[in-house]
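For reference, the structure discussed in these notes is given below.
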Amino acid sequence: MNGIIDLTKENIQQVVDASMQQLVVLAFWSPSEPASLAVLEQLAQEQARGFLLAKVNCDTEMEIAGYFRIQALPTLMLLQQGQPIDALMAPMSGEMISAVLDKHVKPLWQHQLAQAMAMLQADDASLLPQAQMLLKSAQAAHPCDEISLALADVYLQLQDASAAQTLLATVGLAGQDGYYANLMAKLNLAKESADSPEIRSLEAAFEQTPDDIIVRQALAKAYHQVHRDEEALALLFEQLRRDLNVGDGSLKKTFMEIITALGQGSSIANQYRRKLYSLLY
């Protein structure tokens, strides 16, 4: 069983059976008790950590409330292996709820990391954006090498070597394990494949004629084709900040096409979109 359910006499045995495999939080509440509604909202947010929340409406399930000898609302009871292992009774605060859950449930960032790693192991490219979102959330809450490595893995699979390299550069000596070595090998291969003879030729031409708009545009497009998008946008923006309509607007058109291709979720695209807006307004 997963998620949030309403506990009744009909499904109580299923909930007890579920507690043999996962933590179950029984939340005893009443529609007439505003404090118990606030507790349910808090638990619904915390539930993302990965426990089964079973709500017990004591107005309609008085027999269940009586069986558990509930004397105050709201009351929380934690079940594991079919047995109560902890409880919390009113009055209670959000901090108290989090504290009692912290004793028995992994922090949210650990749960998010575990979910993301499972997605990576599934070897399904369609899951990568969701894994990226989970890892970014986990990293914001608890920056650490373990999350950085997993997020770098996602970026490498999304062919964003630049973002992966930035993350891997932050990994300390303690985190440079076999996983790190594997990702560094993948990064080096990605960088080699992104440095084609065509790009080296265009880079040489650009070095000789940095004011040649056609060469600059061709180099930016070549960078984009091998997912060196930050370099591509930086190259174009350097010229656009001098003349927004250079090349009859063709550079601006290429600039916007790359941003659009990267999508709304790209931090690089958002960064350079803001830079362009600063020139426009």
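The values are calculated or read from the model by the stated rules, or taken from the named source; none is laboratory data. This structure is a prediction, so every number in the text was calculated from the model and none was measured. Virtual Cβ from ideal backbone geometry, glycine too; neighbours counted across all protein chains shown.
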### Summary
Going through (1) under 30 Å from residue 153 (Cα atoms); (2) touching an Asp or Glu at 6+ places or on another chain (Cβ under 7 Å); (3) not assigned by TED's automatic domain parsing to the domain that holds residue 144 one by one, residue 51 fails only at (2)
### Message
Could you go through the stretch 69-76 and let me know if any residue there is under 30 Å from the mean Cα position of the chain (by Cα), surrounded by fewer than 19 Cβ atoms within 10 Å (Cβ to Cβ), assigned by TED's automatic domain parsing to the domain that holds residue 26 and of a type outside the set (Gly, Ala, Ser).
### Response
no
### Query
Any residue at all in the stretch 248-262 that is surrounded by fewer than 20 Cβ atoms within 10 Å (Cβ to Cβ) and in a loop (DSSP other than H, G, I, E, B)?
no
### Task
Scan the stretch 124-143 and report the pairs whose first residue is without any contact (Cβ under 8 Å) to a residue 12 or more places away in the chain and whose second residue is assigned to a helix (DSSP H, G or I), with Cβ atoms within less than 6 Å and a gap of 6+ or a chain change.
127/119
### Query
Which of (1) exposed (fewer than 15 other Cβ atoms within 10 Å of the Cβ); (2) of a type in the set (Gly, Ala, Ser); (3) farther than 30 Å from residue 34 by Cβ does residue 148 not meet, given it meets every other one?
(1)
### Summary
Taking the stretch 24-41 and keeping residues surrounded by fewer than 20 Cβ atoms within 10 Å (Cβ to Cβ) and either farther than 22 Å from residue 72 by Cβ or under 28 Å from the mean Cα position of the chain (by Cα) (or both) leaves 38, 40, 41
### Task
Could you figure out which of (1) out of contact with any Pro (no Cβ under 9 Å at 6 or more places or on another chain); (2) not in a helix (DSSP H, G or I) isn't true of residue 223?
(2)
